[in-house]
1. When a/c reaches 1.5 or more, the comparison of a/b and b/c decides; with that in mind, is the stretch 9-73 rounded, prolate or oblate per its Cα gyration tensor?
2. Considering the stretch 116-188, what Rg and Dmax in Å follow from its alpha-carbon atoms?
3. Taking the chain as the reference, fit the longest principal axis to its C-alpha atoms, fit the long axis of helix 51-61 to the helix C-alpha atoms, and give the angle between the two in degrees, 0 to 90, nearest 10.
4. At 0.36 nm per residue, minus the direct Cα-Cα distance, what do Arg402 and Arg98 gain on full extension? Give it in nm, one decimal, please.
5. Could you give the angle, 0 to 90 degrees to the nearest 10, between helix 98-107's Cα long axis and the longest principal axis of the Cα atoms of the chain?
6. Which net charge results when you count Lys and Arg as +1 and Asp and Glu as -1 among the other residues whose beta-carbon is under 13 Å from that of Ala338?
7. Could you list log10 I(q)/I(0) for the stretch 101-155 at q = 0.12, 0.13, 0.17 Å⁻¹, which the Debye formula gives when each Cα is one point scatterer?
8. Tilt of helix 127-138 relative to the longest C-alpha principal axis of the chain, in degrees (0 to 90, nearest 10)?
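What follows draws every value from the coordinates through simple rules; no lab data is involved. Not measured: the values here are computed from a predicted model. Neighbour counts run over all protein chains shown; Cβ positions are idealised from the backbone, glycine included.
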Amino acid sequence: MKLSVIGCGYLGATHAACMADLGHDVIGIDVDPAKVQLLNDGVVPFYEPGLDEVLTRALASGRLRFTTSWDEVADFADVHFLCVGTPQKAGSYAADLRYVDGAIADLAPRLVRPSLVIGKSTVPVGTADRLAAYLLEHAPAGAEVHLAWNPEFLREGFAVQDTVSPDRLVFGIAAAEDEQTMRAVYEPVLVKNTPLVISNRPTAELVKTAANSFLATKISFINAMAEICEVAGADVAVLAEAIGHDERIGSKFLRAGIGFGGGCLPKDIRAFQARVGELGVSDALTFLHDIDEINLRRRAHVVDLARTIVGGRFVGTKVAVLGAAFKPDSDDVRDSPALDIAASVFTQGADVIVHDPKAIENARARFPNLHYSEDLDAVVADADVVLHLTEWKQYRELDPARIGSLVRGKHIIDGRLALDPALWRAAGWNYTALGRPNA
């Protein structure tokens with residue numbers, strides 16, 4: 001099939017490359033000419049494991065290209081995937097829909113024949129119906145232009161896998177024929193017996209925000225338990241293991257630590273709260289405010305622990321930070337708990353130096369006042385305390401004895417509960433983790 005992908009950021013570039021790799025003819029469009037050039041040259045503008053190989057194959061096959069021309073997109077494709085960003089609006093919890101609205105406004109007057117627009121962006125419930133009405137009014141093909149919603153569930157670090165072998169597909173449709181079109185688009189995925197849920201458009205919109213809200217709740221729940229464990233002398237890691245065996249609960253997302261970040265969960269739960277307020281049912285999601293507060297509180301707690309370890313004040317100390325990305329296998333630093341903690345320690349007077357395998361440049365652009373180095377030994381050299389804040393594999397595999405020979409103070413705070421306490425303590429380290437006994 002001939003598809004277009006509107007917006008070639010993280011979601012759009014991944015979707016375009018994977019759809020072409022699955023056999024479709026795909027054209028991607030973005031307003032940034034530099035990004036379009038990079039993609040046409042086979043360069044992924046962000047770090048995502050495996051995506052560069054998929055992009056290279058898709059370009060070489062001749063089934064994929066990128067452009068800045070709306071006329072080219074409308075002339076080429078009859079199925080258009082909407083993949084633009086919906087960031088948090090400045091000064092508000094609400095989602096900023098200017099990019100969604102702008103893309104539809106640019107596309108609509110060029111739709112002169114029957115077309116299907118498929119939204120993948122995460123939007124407040126009700127957006128799809130509003131966009132459908134806009135297309136009906138402004139597209140020359142009028143009622144022959146349909147709109148469906150197909151939420152994405154990509155995990156950074158696993159985006160290619162989640163596109164070609166997702167754990168489910170959701171089609172939010174208003175016309176039966178749109179289901180058949182979407183089945184044809186996703187045929188290479190559906191033949192793998194991927195679960196498919198058919199719904200109306202509002203339900204499909206809610207699936208993504210509901211899922212992210214549930215994940216955020218689960219993460220913050222175990223972090224709330226960590227707060228209790230610290231004062232009760234309990235071990236949150238063992239607690240999580242025990243309750244995770246209950247099949248009604250499950251063990252995933254039950255690792256305590258410094259909480260969630262990134263470009264999805266924080267802004268999505270806030271946008272959800274804003275939208276239900278507009279719908280007049282704000283009481284339904286008051287708990288999400290507490291979830292957000294628990295999450296942010298764990299970041300502040302790490303700063304407090306580090307300050308105590310270095311004697312009550314950061315002035316004159318060196319703090320080594322392992323990790324800048326919000327999660328491993330990503331260079332995404334949006335709302336990164338690691339960088340938030342590093343910046344807070346810096347503003348209180350410490351000399352902060354940050355290491356990350358992939359996210360240094362993005363981190364430097366966001367917090368230019370911090371020091372950065374790709375040399376991990378230089379980062380930890382003469383440090384008074386080491387903060388492990390992103391659970392990259394290379395950090396989990398560090399030799400505590402060797403690192404201990406470089407630091408000034410053998411103190412480490414494991415903000416992700418991903419290191420072996422016995423191993424680090426055996427090497428003479430004062431190992432501290434959120435929600436775990438100190439010995």
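1. oblate
2. Looking at the stretch 116-188, its Cα Rg and Dmax stand at 13.6, 41 Å.
3. 30
4. Taking Arg402 through Arg98 to full extension adds about 104.3 nm, to one decimal.
5. 20
6. With Lys, Arg at +1 and Asp, Glu at -1, the net is 0.
7. Log10 I(q)/I(0), no solvent term: -0.26, -0.30, -0.50.
8. Once rounded, one gets 30 degrees.
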